[in-house]
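Colleague: Sharing a structure, written as structure tokens. Questions coming.
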Amino acid sequence: MTGTATLGHTAETATSRAAGACFEVYDTEFEAAVLGRYARLVLVAEADAHEGPVYVSGEDALYFTTVPRAPATPASGTPRAAIKRLALDGLSLPVDPSRMSTLPAPVHMPNGMALGGDGRLVVCEQGTRSAPARISRVDPLTGRVDTLVDNWGGLRLNSPNDVVVRRDGTIWFTDPSYGYLQGFRPEPQVGDQVYRFDPRSGRLSVVADSFDKPNGLAFSPDEQTLYVTDSGANAEPGSYHVGRPHHVIAFDVLDGRHLGPGRLFAVTTPGFPDGIKVDRAGRVYASASSGVQVFSQAGDLIGQIRLPGAVNFTFGGPGGQVLFITTDTAIWAAVLATAGAGQGRS
């Protein structure tokens, strides 16, 4: 089945239609189980929201990392980004810009983030030519930053991109060489790999090394499958090489420590996948240049949240049924009939 599902009554407002707000239905599962009767897409706030959205239910707040900006002093040659917090008010949208603030955290090119079991943010810092790339822990109240890991066997990391925290406390992250390709990191010493870090033992292990540019990652609800996007088709800013990877790979998780052989789960088009999340029923959401594509557990494309410019997203809000989507210029909320898996861990 192919068709377009119109939005709820709020779709008549400008803030709901400015991005071509609609849902494309390719299968009845998407219409019935994901959209329900009252799905809608509404503007949350205009903001330089780029990556790493994390919803914290106890605060009803959304944290995100900003679009990298050129430095005020050209001689430094390093773009800068920050972590921001947006205080929400349930489903009262849009939110007044005065509810947005910047964390006083000295982080270097932050990108993907997740929420740790202790309530602190786990942050992918891509680093600069002078500051190391690392996975850090940031206290959202004080802005204090602690390094979790910044090297593999004494070799510096590339530019960590996305991260997820498993229920056992281990931290899994991707480390593509985008920082080097974009000119703000030194030449790589390691490959473009996926890692598992155990904070208790301090051990960092490579769990997958077969990627061109590993990007987003997410676990299935039972954490027995890990999905990883490969955005190799985007080698340089603004590029798209159709012969390079633009797909999602699925791995079986073995004993909570290792990954089995990867298998093709889905190919995204148009464009390449970046952010990825899984809902409580095991459906997979991946970004594409046209918006957020939704796949069944079998890897079939069942629908799409049409929002060109979508970069990353996270479930949150009342009941966990809001998909907050960052687009570099704004944050949008897709209010759905389903909730995300592992709420609070992004």
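Colleague: Could you work out the helix-only [θ] at 222 nm for the chain, with each DSSP H run of four or more residues adding -39,500 (n - 2.57) and the total divided by the number of residues, to the nearest 500 deg cm²/dmol? Don't skip to the end; give the middle numbers.
Modeller: On the way: 2 runs with 8 residues, N = 346.
The helix-only estimate for the chain comes to -500 deg cm²/dmol at 222 nm.
Colleague: How large is the dipole of the chain about the Cα centre if only Lys and Arg carry +1 and Asp and Glu carry -1, each at its Cβ, rounded to the nearest 20 debye?
Modeller: Values: 29 positive and 35 negative charges, 109 e Å.
In debye, rounded to 20, the chain gives about 520.
Colleague: With all pairs of different alpha carbon atoms counted, what Kirkwood hydrodynamic radius in Å does the chain show? Before the final figure, lay out each step's value.
Modeller: Details: mean 1/r = 0.0503 Å⁻¹.
That comes to 19.9 Å for the chain.
Colleague: In addition: With +1 on each Lys and Arg Cβ and -1 on each Asp and Glu Cβ, how big is the dipole of the stretch 247-316 about its Cα centre, in debye rounded to the nearest 20? Please list the in-between numbers first.
Modeller: Numbers: 6 positive and 5 negative charges, 22 e Å.
For the stretch 247-316, the charge dipole is close to 100 debye.
Colleague: List the residues whose amide H sits under 5 Å from the amide H of GLY291, counting only those 5 or more places along or on another chain, with H placed 1.01 Å from N in the peptide plane.
Modeller: LEU307, GLY309, ALA310
Colleague: Taking a ≥ b ≥ c as the square roots of the eigenvalues of the Cα gyration tensor of the stretch 50-147, is the shape rounded (a/c under 1.5), prolate (a/b larger than b/c) or oblate?
Modeller: On the way: a/c = 2.50, a/b = 1.46, b/c = 1.71.
Oblate shape, in that a/c is at least 1.5 and b/c is the bigger or equal ratio.
Colleague: Let me ask something else. Measuring from label point to label point, each 7 Å out along Cα→Cβ, what is the ASP139 to THR329 span in nm?
Modeller: Here the answer is 3.9 nm between the modelled labels.
Colleague: What's the center-to-center distance, using Cα atoms, between the stretch 41-111 and the stretch 114-136 in Å?
Modeller: Spelled out, the Cα-based centre of one part sits 15 Å from the other.
Colleague: Turning to a different aspect of this structure: So between ASP168 and ARG280, what do we pick up on full extension, going 0.36 nm a residue minus the alpha carbon distance? Write down the numbers at each step before the final one.
Modeller: Values: separation 112, 0.36 × 112 = 40.32 nm, distance 1.85 nm.
Residue separation times 0.36 nm, minus the Cα-Cα distance, leaves 38.5 nm.
Colleague: OK, next. Which of the peptides 243-251, 106-114 is most tightly packed, and how do the rest follow, judged by the mean count of other Cβ atoms within 10 Å per residue?
Modeller: Highest-to-lowest ranking by the protection proxy: 106-114, 243-251.
Colleague: For the modelled label position 7 Å from the Cα of GLN182 along Cα-to-Cβ, which residues of the stretch 114-139 have backbone nitrogen atoms closer than 19 Å?
Modeller: In the stretch 114-139, the label zone of GLN182 (backbone N under 19 Å from the point 7 Å along Cα→Cβ) covers 114, 122-136.
Colleague: Pop a pseudo-label 7 angstrom from the Cα along the beta-carbon direction at both GLU59 and ASN151 and give the gap in nm to one decimal.
Modeller: Result: 3.2 nm between the two label points.
Colleague: At a Förster radius of 22 Å, what calculated FRET efficiency corresponds to the Cβ-Cβ distance of ALA337 and ASP89, to the nearest 0.05?
Modeller: Numbers: r = 22 Å, r/R0 = 0.99.
Using R0 = 22 Å, I get an efficiency of 0.50.
Colleague: Any chance you could check the Cα centroid distance between the stretch 179-212 and the stretch 303-335 for me, in angstrom?
Modeller: 28 Å
Values in this text are rule-based calculations from the coordinates and carry no lab data. This one's a predicted model, so the numbers in the text were calculated from it and none came from an experiment. Heads up, the Cβs are rebuilt from the backbone with ideal geometry, glycines too, and the neighbour counts pull from every protein chain shown.
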